[in-house]
Amino acid sequence: MTTDYQKQLDAYLGQYADNVELRLHPQSDPSIPADRYLVATRDYKIGEVIFTESPILHTQHPYAQTFQPSTNLNLAFDWQRILHLYAHLRTTDDGPECALVKLGLNVLSVDGATNAIAQEEDEDKLKDHKESAKAWVNRWKERRRNKNKKKKKGGAAAPAPAAGEEEKGEEWVPTVEEIERLIHVLETNCHSRSSHPDPVRGETASPTTSTSTKGDDWEDEDAAEKEDEDEEEEEEQCGLFLLASFMNHSCLPTASVLLPLASSSPPTLTLICTKPIKTGEEVTISYHDQEFIQTEDRRMLLRRRGFVCECVMCSGDVADYARAALCTNSGCTDGIASPTASGWLCDTCSHQLSDEQVSEIEQAEEEWEEEWEELGSSPLITALVSSLISHISTTPLADPNTCQPPSLLKLREATSPLHPAHTHISSLIRHLTFTPTLITPLRLDHGLDTPFHLLQYLLSSAYRLLRLDRGVEGSVRGLSEEVRHLAYWLAKEGKDLGGREGVKEGERERFALVEGWAEGVWGEHGRGLNGQL
């Protein structure tokens with residue numbers, strides 16, 4: 001990094017000095033750039049805003065929205081919009097906005113695309129990026145030539161340059177290397193969200209964005225290409241945020257990124273504290289949204305981003321709670337045994353499972369994984385669903401006064417040696433619950449309130465795995481996005497069922513009881529995040 005860029009970065013970071021600070025991890029090999037990370041410069045409580053930031057490039061910029069992405073370029077549509085905006089800023093703006101864009105291009109990491117692990121996971125990635133950059137630059141130059149020809153046909157001669165104007169240099173022209181690096185920067189650092197509204201956050205309407213092609217010299221051919229497509233690519237709203245790009249990943253993060261559904265420009269990124277953070281502690285986020293998958297699968301996901309995760313959970317310092325097994329200590333009634341660096345340990349009595357018991361668990365995990373192959377007709381899953389509905393319909397809450405969820409231990413015979421909350425089991429039930437073609441026949445077999453019961457099981461499983469009986473502050477994850485989503489849909493299902501005509505009073509009270517519990521959980525885990533339920 002040049003001295004000038006370092007000064008610009010220091011000036012930019014200075015405005016956040018009361019919130020966070022950028023630090024460097026020294027490397028044993030001086031040829032390797034030091035890893036940068038953010039630490040808190042004050043204490044943060046759960047739900048507090050750590051900082052907000054505007055993007056330096058983003059798809060909701062009015063000029064980015066005028067661009068019609070091309071299916072002939074091997075690039076995501078949202079990235080094409082950002083490249084278009086980048087070129088626009090470089091050719092028309094020489095002010096602070098463009099300066100930040102150039103700063104980001106030069107100081108942000110490209111490891112997610114270029115390092116050895118990323119290349120090992122996708123050996124064609126760099127070649128594809130280079131070809132995409134070359135195709136994009138060629139198209140840009142061709143369109144620029146066509147635009148200049150149209151100007152000449154207009155008959156107006158270009159005015160002579162004023163005194164000293166020659167010293168300003170020629171108009172900016174993109175190089176393949178520059179665009180290739182920007183693609184690598186986007187691959188490594190972009191923050192994105194679905195372009196669809198999220199009802200869990202109170203978003204009810206799709207944003208109104210400009211799709212006008214008026215005045216855009218890239219449009220005519222691409223618009224024709226778009227019309228010929230049977231299916232449009234699913235676009236995301238994404239942006240490049242300078243400060244937020246320096247946050248490292250943890251599978252047990254201390255913060256969560258909130259991006260609003262943007263109908264205007266620019267969308268502001270808000271960073272919310274999800275676990276208590278002390279001054280000097282690192283601020284981390286999760287690079288994926290999978291809270292209940294086992295370590296092996298999480299690490300596989302993260303290798304695609306160019307690194308092997310060594311966070312506290314992936315290293316075994318914290319139990320891999322998604323792999324939940326029944327504790328084999330006869331005196332422990334509600335313990336969950338999960339793998340740690342020291343072996344399979346119970347989270348309640350610290351009992352360690354034997355090698356033979358671990359082998360039985362691993363065999364059972366393989367058997368449950370195979371159930372995906374016959375999801376709609378598996379006798380094992382059919383029996384489990386029946387047991388779930390029978391148990392939870394008669395025990396909506398273990399303790400209505402303290403709003404504790406029902407115990408799942410009555411289901412242990414159907415899942416042993418795995419705990420009923422094990423990720424292989426809960427993921428199957430989740431898929432059944434949220435897939436219309438699968439939940440419809442279950443409604444016919446077990447009643448209209450089937451999703452209501454299955455959602456109670458899913459939320460109760462998450463509640464137990466994360467030890468939310470200890471309160472959010474004392475739980476494994478702190479605020480949980482998955483818990484928040486499950487609670488929202490459970491509360492909504494309870495409200496809808498309770499509002500139906502012909503519902504018996506006792507049933508209505510049961511729906512209302514669970515609805516109230518779910519609303520409370522939703523509110524607790526949505527500190528700083530939720531809209532209106």
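What number of residues within the stretch 246-267 satisfy the criterion of being crowded, with 20+ Cβ neighbours inside 10 Å and of a type in the set (Gly, Ala, Ser)?
Result for the stretch 246-267: 4.
One line per residue, one yes/no per condition, for (1) outside the structural domain of His422 (by the TED database); (2) more than 24 Å from Leu418 (Cα to Cα); (3) not in a loop (DSSP other than H, G, I, E, B):
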{"position": "Glu296", "(1), (2), (3)": "yes, no, yes"}
{"position": "Val308", "(1), (2), (3)": "yes, yes, no"}
{"position": "Asp317", "(1), (2), (3)": "yes, no, no"}
{"position": "Tyr321", "(1), (2), (3)": "yes, no, no"}
{"position": "Ala337", "(1), (2), (3)": "yes, no, yes"}
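Please work out if Glu509 is of a type in the set (Asp, Glu), open to solvent by 50 Å² or more (accessible area, probe 1.4 Å), more than 15 Å from Pro199 (Cβ to Cβ) and assigned to a helix (DSSP H, G or I).
Here the answer is yes, as Glu509 does meet what is asked.
Would you call Ser338 at pLDDT below 95 and either among the polar types (S, T, N, Q) or on the phi > 0 side of the Ramachandran plot (or both)?
no
State the number of residues belonging to the stretch 171-189 that are free of Cβ contacts under 8 Å to residues at least 60 places away in the same chain and open to solvent by less than 30 Å² (accessible area, probe 1.4 Å). First the steps, then the outcome.
The first filter runs over the stretch 171-189 and keeps only residues free of Cβ contacts under 8 Å to residues at least 60 places away in the same chain, leaving 173, 175-177, 180.
Now narrow it down to the ones that are open to solvent by less than 30 Å² (accessible area, probe 1.4 Å): 180.
Matching residues across the stretch 171-189 total 1.
Taking the stated definitions as given, is Leu89 out of contact with any Cys (no Cβ under 9 Å at 6 or more places or on another chain) and among the aliphatic types (A, V, I, L, M)?
Spelling it out, it is not the case that Leu89 is out of contact with any Cys (no Cβ under 9 Å at 6 or more places or on another chain) and among the aliphatic types (A, V, I, L, M).
Can you tell me which residues in the stretch 268-290 are open to solvent by 20 Å² or more (accessible area, probe 1.4 Å) and assigned to a loop (DSSP other than H, G, I, E, B)?
Within the stretch 268-290, Thr268, Lys275, Pro276, Lys278, Thr279, Gly280, Glu281, Ser286, Tyr287, His288, Asp289, Gln290 meet the criteria.
Output the residues belonging to the stretch 174-196 that are more than 15 Å from the chain's Cα centre (by Cα) and over 17 Å from Ile56 (Cα atoms).
Within the stretch 174-196, Pro174, Thr175, Val176, Glu177, Glu180 qualify.
Of the conditions (1) more than 18 Å from Leu242 (Cβ to Cβ); (2) exposed (fewer than 12 other Cβ atoms within 10 Å of the Cβ), Gly95 clears all except one; give me its number.
Condition not satisfied by Gly95: (1).
Which condition does Leu353 not pass, out of (1) loosely packed, with under 15 Cβ neighbours inside 10 Å; (2) among the hydrophobic types (A, V, I, L, M, F, W, C); (3) modelled with pLDDT of 90 or more, if it passes all the others?
(1)
Name the residues in the stretch 51-74 that are open to solvent by less than 10 Å² (accessible area, probe 1.4 Å), part of a loop (DSSP other than H, G, I, E, B) and either touching a Pro at 6+ places or on another chain (Cβ under 8 Å) or small (Gly, Ala, Ser) (or both), would you?
Answer for the stretch 51-74, where residues must be open to solvent by less than 10 Å² (accessible area, probe 1.4 Å), part of a loop (DSSP other than H, G, I, E, B) and either touching a Pro at 6+ places or on another chain (Cβ under 8 Å) or small (Gly, Ala, Ser) (or both): just Ser70.
Can you tell me which of (1) β-branched (Val, Ile, Thr); (2) open to solvent by 30 Å² or more (accessible area, probe 1.4 Å); (3) within 18 Å of Pro253 (Cα to Cα) is the one Val39 doesn't meet?
(2)
Give the residues of the stretch 147-177 that are at pLDDT 85 or above and in a helix (DSSP H, G or I), sorted by residue number.
If the condition is that a residue be at pLDDT 85 or above and in a helix (DSSP H, G or I), then Val176, Glu177 are the ones that fit.
Do you know which residues across the stretch 415-460 are open to solvent by 40 Å² or more (accessible area, probe 1.4 Å) and closer than 17 Å to His391 by Cα?
Ser416, Arg443, Asp445, His446, Leu448
Please name all residue pairs, on different chains or six or more residues apart, with Cβ atoms under 9 Å, provided the first residue is in the stretch 375-393 and is in contact (Cβ under 8 Å) with a residue 12 or more places away in the chain and surrounded by fewer than 17 Cβ atoms within 10 Å (Cβ to Cβ) and the second residue is among the polar types (S, T, N, Q) and not in a helix (DSSP H, G or I).
Leu375/Thr435
The values are calculated or read from the model by the stated rules, or taken from the named source; none is laboratory data. Note that the structure is predicted; figures quoted are calculated from it, not measured. Here the Cβ is made from the backbone with ideal geometry for all residues, glycine too, and neighbour counts use every protein chain on show. Accessible surface areas use protein heavy atoms only, side chains included; no ligands, DNA or RNA. Shrake-Rupley method; radii C 1.70, N 1.55, O 1.52, S 1.80 Å.
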